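Colleague: This structure is in structure tokens; I'll ask about it shortly.
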Amino acid sequence: MTKADIVNEISKSTGIEKALVLETVEKFMQVVKDSLAEGENVYLRGFGSFIIKTRSEKTARNISKNTTLIIPEHKIPAFKPAKVFMEEVR
């Protein structure tokens, strides 16, 4: 399902025009991105959590050049589904 499919589905079920639904979905995604960029997790009860995970520093190898390099510690966004969400999917 794409963002356009989501907008169409919400518009159909609520009767709200697509442009307004699209603006709302875009704003929601922007708020989630901004919150994660600031280091804040986003919790949606009954759905899941958008969280920041920290990957520790590690050593990688370039096999073709036979060299090693250090990948520094970094943060990545992740989604952790709620138990209710997981039960519905199963």
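Colleague: Can you go through LYS75, LYS80, LYS12 and tell me which one is of a type in the set (D, E, K, R) and within 12 Å of the chain's Cα centre (by Cα)?
Modeller: Every option except LYS80 fails the conditions.
Colleague: Could you grab me the full set of residues in the stretch 75-84 that are assigned to a loop (DSSP other than H, G, I, E, B) and surrounded by fewer than 10 Cβ atoms within 10 Å (Cβ to Cβ)? Working first, answer last.
Modeller: Of the residues in the stretch 75-84, the ones assigned to a loop (DSSP other than H, G, I, E, B) are 82.
Those that are assigned to a loop (DSSP other than H, G, I, E, B) and surrounded by fewer than 10 Cβ atoms within 10 Å (Cβ to Cβ): none in the stretch 75-84.
Colleague: Now, a different point. Which of the residues that make up the stretch 1-31 are closer than 26 Å to LYS83 by Cα and exposed (fewer than 10 other Cβ atoms within 10 Å of the Cβ)?
Modeller: Matches in the stretch 1-31: MET1, THR2, ASP5, SER13.
Colleague: Shifting gears a bit: Out of the residues in the stretch 32-74 that are small (Gly, Ala, Ser) and in contact with a helix residue (DSSP H, G or I) (Cβ under 9 Å, 6 or more places away or on another chain), which is surrounded by the fewest Cβ atoms within 10 Å (Cβ to Cβ)? Don't jump to the end; show me each part of the working.
Modeller: First, pick out the residues of the stretch 32-74 that are small (Gly, Ala, Ser): 35, 37, 39, 46, 48-49, 56, 60, 64.
This time we only want the ones that are in contact with a helix residue (DSSP H, G or I) (Cβ under 9 Å, 6 or more places away or on another chain), so: 46, 48.
Working: GLY46: 9, GLY48: 17.
Ranking the candidates gives GLY46 first.
Read-outs: derived from the displayed coordinates by stated rules, not from any lab. This is a predicted model, so every value here is computed, not measured. Backbone-built Cβ (ideal geometry, glycine too); neighbour counts: all protein chains shown.
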